[in-house]
Each structure stands twice: as C-alpha cells, then as structure tokens.
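The values are calculated or read from the model by the stated rules, or taken from the named source; none is laboratory data. For clarity, every value in this text was computed on a predicted model and none was experimentally measured. For neighbour counting, all protein chains shown are included, and Cβ atoms are generated from backbone atoms with ideal geometry for every residue, glycine included.
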Amino acid sequence: MLIKRKKHGFTLLEVVIALAVFGFLIGGLMGFLPWGVQGVGKVREQSIAYGLVDAIEIELERMGFSLVESSTKRLEGMYNPADPPIEASEKFSLLLVSTKEGGSVSFEQVVKEQDQSYLNNPENKQEGENVDDLKKDFGGLINFNSTTLGGSTEPVSLFGFNEQDVTRAPFSHRWIPESDRYFLIKITQFPFGHRHQHHVSNGYLALEVDIQWPYKVPVPPDDFRRVPERFRSHFRLPIAISR
C-alpha cells in the first residue's frame, strides 16, 4: 500500500531569512556600482593622457627649439662663454592643453613657476603669472604670446589670441576655449645640478613632462574654474627634442 507523503512549502521564517540574505548580497553589489563606473572613467582618462605623448612631441616640434628652450628656462647665462650657467632666479613652465577627448594639444602660455600654496588656491584662475617675452643673453627677443609679422599681429600661444583669431584660419584650428582645457601638460627643463641639466653643447633639450587632469572645468553659463593641483591626476615622463 502506497503512503502519500504530505508536501510542505517554505515556512514564513525561511522566506524572511532568504529575502534578508538576498537583499544583503544585492545591496553589497549595488554599493560597488558607483565605484565601478568611476573606475571606468578613470581608466578612460588615463588612456587619453597616455595617448597625448605623440601630440605633445608634434606641438613642441611646431613651436621650434628656441621657443621651447626659452619657455622652459631654469638656468641663466647659458650662452655666456666667460662664466658657467647658474640657476635662474625666475623659472618658467611651458603649458600645453588638450580637451577631454584628447587627440591634439595646443600651446596655452608660459608662466612663472609657482609654489604649492599658489597652485592649490582655487581663487587663482591661472597656473601662474603669464610671461610675455624673454630677452636672449646676446640680443633678440622671444615672444610667447603674440608676434608682429609684416605689419599684422599673429598669436603664438592661446593666451595671445584675440576675438578675431578665434575664428581666423589657420589659428582657429589651434583654439581651445578655456572651459574645455581639461588636460594640462606642464613642461620644464630638468633642475640645476641634475644629470640631464641643459647645456648649450647638447644637440637636444631634455624636458620633464607632467600631464595633469582635470585642469579647467566649465562653470555655467559661460565661465570656467581651475582645479587645484592637489585634486588632479598625474602622468609624468621625460621627453627630448633635437635642435
């Protein structure tokens, strides 16, 4: 004789415990979701920063050796045969910029090197005091912002652009609005006493490159904000250009 066994379902207590465990697991996984999305964004920005290296070399070549050498000044008396060069009282940093999408870079300006208190002050909208030009040791003037050729003024850096240059070819191809300058490429010569310190006998110029982001971000409706340096990511590398 077959005996039918009575089938039992889950008790209310078992269902409550199962739901609690399930909710705990799902809640934990959902907590990682923002971190995952943020991580993807960071990886993407790092990839763009790494991809700017070729564009940096192209822009430095376009600028030319003399302009790059002058705009990254760390030494004085470089071309004085009577005395060895000394550490400059005012050091310059060459600033290049790129958009959040990367691809190409543009020469923004030359600034005097600043300390961390200045760079981390959110009230300062620029990376340092702009340098307009530099007089060479044995004559000659290097213009960093704009230059006059044939009676017309042409921009050298983005800082030297005027309203007409923004839409005037071929300069308009280099223009990047300040609110779109997401990547900053800060370039300097190696410090005094370093084994890669610049010397006039070198056939090349060794440079320190520091790619930083975010540099400037938009503030609606038509303004921008400079992000303090302590909140930026960095990718540093050496680079060299030939004469």
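Couple of notes before you dig in:
- Pick from the range 127-136, criterion part of a loop (DSSP other than H, G, I, E, B) and not charged (D, E, K, R), ranking: surrounded by the most Cβ atoms within 10 Å (Cβ to Cβ): VAL131
- Against the numbered list (1) outside any loop (DSSP other than H, G, I, E, B); (2) modelled with pLDDT of 70 or more; (3) within 30 Å of ARG232 (Cα to Cα), VAL37 comes up short only at (2).
Table: residues versus (1) not β-branched (Val, Ile, Thr); (2) not in a strand (DSSP E or B).
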{"position": "PHE107", "(1), (2)": "yes, no"}
{"position": "VAL111", "(1), (2)": "no, no"}
{"position": "GLN114", "(1), (2)": "yes, yes"}
{"position": "SER117", "(1), (2)": "yes, yes"}
{"position": "LYS125", "(1), (2)": "yes, yes"}
{"position": "PHE138", "(1), (2)": "yes, yes"}
{"position": "ILE142", "(1), (2)": "no, no"}
{"position": "THR147", "(1), (2)": "no, no"}
{"position": "SER172", "(1), (2)": "yes, yes"}
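- Matching residues, the range 157-169, being under 24 Å from the mean Cα position of the chain (by Cα) and either surrounded by fewer than 15 Cβ atoms within 10 Å (Cβ to Cβ) or closer than 18 Å to SER98 by Cβ (or both): SER157, LEU158, PHE159, PHE161, ASN162, VAL166
- Residue ID - nearest to VAL105 (Cα to Cα), chosen from residues in the range 149-170 that are in a strand (DSSP E or B) and of a type outside the set (D, E, K, R): PRO155
- Residues that are at pLDDT 75 or above and not in a helix (DSSP H, G or I) occur in the range 56-66; there is at least one.
- Matching residues, the range 77-105, being within 19 Å of ASP133 (Cβ to Cβ) and part of a loop (DSSP other than H, G, I, E, B): GLY77, MET78, TYR79, ALA88, SER89, GLU90, LYS91
- Counting the residues of the range 199-220 that are assigned to a loop (DSSP other than H, G, I, E, B) and under 24 Å from SER106 (Cβ atoms) gives 3.
- Matching option when the condition is surrounded by 14 or more Cβ atoms within 10 Å (Cβ to Cβ), within 26 Å of PHE192 (Cα to Cα), of a type in the set (S, T, N, Q) and in contact (Cβ under 8 Å) with a residue 12 or more places away in the chain, among SER106, SER93: SER93
- Meets criteria (touching a Ser or Thr at 6+ places or on another chain (Cβ under 7 Å) and of a type in the set (Gly, Ala, Ser)) for SER93: yes
- Test result for PRO218, surrounded by fewer than 16 Cβ atoms within 10 Å (Cβ to Cβ), farther than 22 Å from THR72 by Cα and more than 21 Å from the chain's Cα centre (by Cα): no
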